[in-house]
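The values are calculated or read from the model by the stated rules, or taken from the named source; none is laboratory data. Every value quoted in this text rests on a predicted model; they were computed, and no experiment measured them. Heads up, the Cβs are rebuilt from the backbone with ideal geometry, glycines too, and the neighbour counts pull from every protein chain shown.
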């Protein structure tokens, strides 16, 4: 048997001129292993030269079935799993879930604990924004920024470590408040951070805000029209960068945000630079909120609702009284059963509206746990923004959406 | 054998080895300086204050596996890094490191060759080095590498023109393309009233110097013009598929190019070996170090350009400026000679 090698048909000139656009295009597979996709995001880019004509994000490389895990674990057992969705701002995730379950049970944490929850939530926002700023600038080529940002983030992680012993996956929020005491030096550490950080932020801005290269890379790039932002249901800085005033902290205040005096920064043009400015201003507002919390907070008072059946009894009384020991045993072994019902609790996460939808059927295990993660929703603006952009812009666009793949894929 | 030729050969070997040694410690210097600017320590484990780090890196890269992709154009893939690496130090042949010295009764010139078109030779060799990058990018059979190679080709064509034209002003003033001649002219002293200034071309050609500086950064593919490798977009660009020592050849070439173009800039604009006291090679080294420091400083500070902005900068901003500079210099020269 002989193999016949077919001769290639010669392309005639007229035919060559008639080549369709698709034959001049190149498909570039960006990711899932790529330094600038912030995790295992895969983007299939169709390009003509360096211009993007098609952009198709592919998700799911980090899917761990977090929602299903929520339906197979007891209410309190799911808290560590929320850490692992958006792992750069773990306390915020804890907070959203705990608030949802607390609302389901109809309990509310004591005042002091609530203030500390707000402080930790805002610190998580700062930690997340610092990661965003560092990696976003690194993607655009300013490689020192990431080191400066992580230097300051270290201070926040030190506060987390002092507070709960963990730095990244903190698992710090608990039903009904905090069962552990607040360390004596913690308010001082937070104050110190609030004093140090503003001048460091001026340092970042002096490197970027007026830098002509930074401006040329971000101004007019990735513009999201306000209508489009609403129709894609974007939240967070992606929405506010386009000039739409929606912040969960103002729209439906939770914790004590109605007592706080802060502003919601808004962009005007909806480009990458505006979103950068919005997030930078948000960091300033967060510092102000933390300072207000420290000022308003009662210095003494209970940290936990010790009497509630939904809350783990305090360690001291477990060791001393038989009732609390039994209650503790049941709480740990069997868990607690919230009344039947469903609740949707949204909080303003560093990336946008983070919502937890929890359905209880009266058993210790939730019937349904649904996470509305902000970056999953925000990511759908990538093909919209990438249309007609250059390849180098795509990394800037991924950076500006501020995604964490653990949270996108869940 | 001709004694003169022999001494040139020996000096060439010396220059080559010094360059290779400097290059190794250039990586160390860059890492330490960047670390200082970025608030961290930098290499400090290998030897005292990390001084053996370049050697450790070299050994590591030597024993790494040399992977050749299955679909790569094998011969070109193997050749490309060598091309870059060999051409980088060759350009140093025309740099004058000082006047002649006497060694064992022989007079040895402190330059390898004094050719009358030395500057042109330098530019020609410099632009040939980019073939390594383009061929490497093309032969890798990787789309990121291909894009890196394409960017490199476009960038070098644009900035080679700027680099060459920025020197024209100096050539008009000196009336020579020989680097030895240019250095000799700069060692004269200018008397401006009470001021006594060295006749360095940075003083008479400040605009050309700034443009040269920008074009030199682009020419050596350094940040913020490091588009061909752009690790955050192209994952290393042209050298994505390279590994082991072949990979390091590209880096060695880049660092040697940096040193050589710094020496070249110091020679053309800053008077080369000329200094306030005791002229000598140490002044040249100091001036080149200033250039290198600037390179590293730039890398830690500014973001990267986008491809179209890079081209826009070259053709819309730098080219008109450099042409105006040539025009003005030409008129002033003619006026100075009384021909206008």
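How many residues does the range A:227-261 hold that are surrounded by 15 or more Cβ atoms within 10 Å (Cβ to Cβ) and more than 20 Å from the chain's Cα centre (by Cα)?
4
Given the criterion more than 14 Å from chain B (Cβ to nearest Cβ), surrounded by 24 or more Cβ atoms within 10 Å (Cβ to Cβ) and within 24 Å of the chain's Cα centre (by Cα), identify the matching residue among A:393, A:375.
A:375
Yes/no matrix, rows are residues, columns are (1) surrounded by 18 or more Cβ atoms within 10 Å (Cβ to Cβ); (2) modelled with pLDDT of 85 or more:
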site: B:27; (1), (2): yes, yes
site: B:37; (1), (2): no, yes
site: B:40; (1), (2): no, yes
site: B:56; (1), (2): no, yes
site: B:62; (1), (2): no, yes
site: B:69; (1), (2): no, no
site: B:72; (1), (2): yes, no
site: B:87; (1), (2): yes, yes
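Among the residues of the range B:274-288 satisfying the criterion of being touching a helix residue (DSSP H, G or I) at 6+ places or on another chain (Cβ under 8 Å) and at pLDDT 75 or above, which is surrounded by the most Cβ atoms within 10 Å (Cβ to Cβ)?
Result: B:284.
Looking at (1) loosely packed, with under 13 Cβ neighbours inside 10 Å; (2) closer than 19 Å to residue A:186 by Cβ, which is the only condition residue A:319 fails?
Of the numbered conditions (1) loosely packed, with under 13 Cβ neighbours inside 10 Å; (2) closer than 19 Å to residue A:186 by Cβ, the odd one out for residue A:319 is (2).
If I ask for residues that are away from chain A (no Cβ under 11 Å) and outside any helix (DSSP H, G or I), which ones from the range B:269-317 would you list?
B:270, B:271, B:272, B:273, B:274, B:275, B:276, B:277, B:278, B:279, B:280
Can you list residue pairs whose Cβ atoms sit under 8 Å apart, with the first residue in the range B:137-149 being facing chain A (nearest Cβ under 10 Å) and the second being assigned to a helix (DSSP H, G or I) and surrounded by fewer than 24 Cβ atoms within 10 Å (Cβ to Cβ)? Count only pairs 6 or more apart in sequence or on different chains.
Partner pairs satisfying both residue conditions: B:146/B:138; B:147/A:391.
Working only within the range A:142-170, note down all residues that are within 13 Å of chain B (Cβ to nearest Cβ) and touching a residue at least 60 places away in the same chain (Cβ under 8 Å).
Hits for the range A:142-170 are A:142, A:144, A:145.
Any idea which residue in the range A:30-50 is farthest from the other protein chains (Cβ to nearest Cβ), counting only those that are in a strand (DSSP E or B) and touching a strand residue (DSSP E or B) at 6+ places or on another chain (Cβ under 6 Å)?
Only one residue fits best here, namely A:42.
Go through the residues of the range A:150-171 one by one and say whether even a single one is modelled with pLDDT of 90 or more, in contact with a strand residue (DSSP E or B) (Cβ under 9 Å, 6 or more places away or on another chain) and part of a helix (DSSP H, G or I).
No, there is no match, as no residue in the range A:150-171 is modelled with pLDDT of 90 or more, in contact with a strand residue (DSSP E or B) (Cβ under 9 Å, 6 or more places away or on another chain) and part of a helix (DSSP H, G or I).
Just need a number here: residues in the range B:9-21 that are surrounded by fewer than 18 Cβ atoms within 10 Å (Cβ to Cβ) and touching a residue at least 12 places away in the same chain (Cβ under 8 Å).
Here the count works out to 4.
Quick check on residue A:173: is it buried (at least 23 other Cβ atoms within 10 Å of the Cβ), more than 14 Å from chain B (Cβ to nearest Cβ) and under 22 Å from the mean Cα position of the chain (by Cα)?
Yes: the conditions hold for residue A:173.
So in the range A:181-197, with the set limited to residues that are in a loop (DSSP other than H, G, I, E, B) and in contact (Cβ under 8 Å) with a residue 60 or more places away in the chain, which one is farthest from residue A:286 (Cα to Cα)?
Selected residue: A:181.
Considering every residue within the range B:55-69, establish whether at least one is under 18 Å from the mean Cα position of the chain (by Cα), part of a helix (DSSP H, G or I) and farther than 16 Å from residue B:246 by Cα.
For the range B:55-69, residues under 18 Å from the mean Cα position of the chain (by Cα), part of a helix (DSSP H, G or I) and farther than 16 Å from residue B:246 by Cα: absent.
Of the residues B:206, B:228, B:224, which is over 14 Å from the mean Cα position of the chain (by Cα), within 14 Å of another protein chain (Cβ to nearest Cβ), under 29 Å from residue B:320 (Cβ atoms) and at pLDDT 80 or above?
Selected residue: B:224, the only one of B:206, B:228, B:224 that is over 14 Å from the mean Cα position of the chain (by Cα), within 14 Å of another protein chain (Cβ to nearest Cβ), under 29 Å from residue B:320 (Cβ atoms) and at pLDDT 80 or above.
So which residues in the range A:63-79 are on the phi < 0 side of the Ramachandran plot, assigned to a loop (DSSP other than H, G, I, E, B) and surrounded by fewer than 15 Cβ atoms within 10 Å (Cβ to Cβ)?
Correct list: A:63, A:64.
Is it fair to say residue A:353 is out of contact with any strand residue (DSSP E or B) (no Cβ under 6 Å at 6 or more places or on another chain) and buried (at least 20 other Cβ atoms within 10 Å of the Cβ)?
Answer is no for this residue.
Looking at A:238, A:293 in this structure, which one is over 25 Å from residue A:184 (Cα atoms) and part of a helix (DSSP H, G or I)?
The match here is A:238.
Taking the condition within 14 Å of chain A (Cβ to nearest Cβ), surrounded by fewer than 22 Cβ atoms within 10 Å (Cβ to Cβ) and assigned to a loop (DSSP other than H, G, I, E, B), does residue B:153 pass?
no
Looking at the structure I just gave you, is residue B:235 surrounded by fewer than 23 Cβ atoms within 10 Å (Cβ to Cβ), at pLDDT below 80 and within 14 Å of chain A (Cβ to nearest Cβ)?
So residue B:235 fits the description; yes.
Does residue B:328 satisfy the condition of being away from chain A (no Cβ under 14 Å) and in a helix (DSSP H, G or I)?
yes
With the requirement that a residue be surrounded by fewer than 17 Cβ atoms within 10 Å (Cβ to Cβ) and assigned to a helix (DSSP H, G or I), what does the range A:262-287 give you?
The answer is A:284, and nothing else.
Can you tell me which of B:190, B:195, B:179, B:163 is surrounded by fewer than 23 Cβ atoms within 10 Å (Cβ to Cβ), touching a helix residue (DSSP H, G or I) at 6+ places or on another chain (Cβ under 8 Å) and either free of Cβ contacts under 8 Å to residues at least 24 places away in the same chain or more than 14 Å from every other protein chain (Cβ to nearest Cβ) (or both)?
Just a single option satisfies the conditions, and that option is B:190.
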